[in-house]
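Written out below as structure tokens is the structure these notes cover.
Just so it is clear, none of the values below were taken in a lab; they were calculated from the coordinates. Worth saying up front: this structure is predicted, and the values here are computed from it rather than measured. Positions of Cβ are generated from backbone atoms using ideal geometry, with glycine treated the same way; all protein chains shown enter the neighbour counts.
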Amino acid sequence: MLRHHQHSTRVPAGRHVIGRVSGDIEHPARILIIEDELLIALMIEEMTREIGYRVSGVAHTMAMASREFGKRNYDAVLLDINIGGQYHAVTADHLLGSGVPFAFVTGYDYLVEPRHEKVPVLQKPFTAPQLRSLLEELLTPGASAGPIAQAG
């Protein structure tokens, strides 16, 4: 199912998105970005901050991602579906098993593993409103998994 993330919820200047865990407006939700393409990682990091979230870390390799997972200082994860030329199903399984909200960020239009078909997908390229919409859905308690966003 393809669903476009076109709607946008604006965060007033000087305000932050309410953190999922703390519920405190002064502590926006923390996002871990796992992306091996440096320029894309920087773009996602900048967009994430501009829409009112904190970036807890950026990992360019699976070794870096493992270190970030050990810190447990994130509320949601944006995971490139292909790191270092490989699909890392174990990483997605780990996140699913731990209950961490996450989404795949990818330029591919398919998922490699059927068991991950309900994981939300943000299709590259995407806009800041699409990223905001996805993160809001990820961080809303009780939100259903499975939306796929693509630029349109």
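Numbers at a glance
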item: Residue within the stretch 103-123 that is in contact with a strand residue (DSSP E or B) (Cβ under 6 Å, 6 or more places away or on another chain), farther than 16 Å from Leu138 by Cα and assigned to a helix (DSSP H, G or I) present; result: no
item: The stretch 101-115: number of residues that are surrounded by fewer than 18 Cβ atoms within 10 Å (Cβ to Cβ) and more than 18 Å from Ile40 (Cα to Cα); result: 5
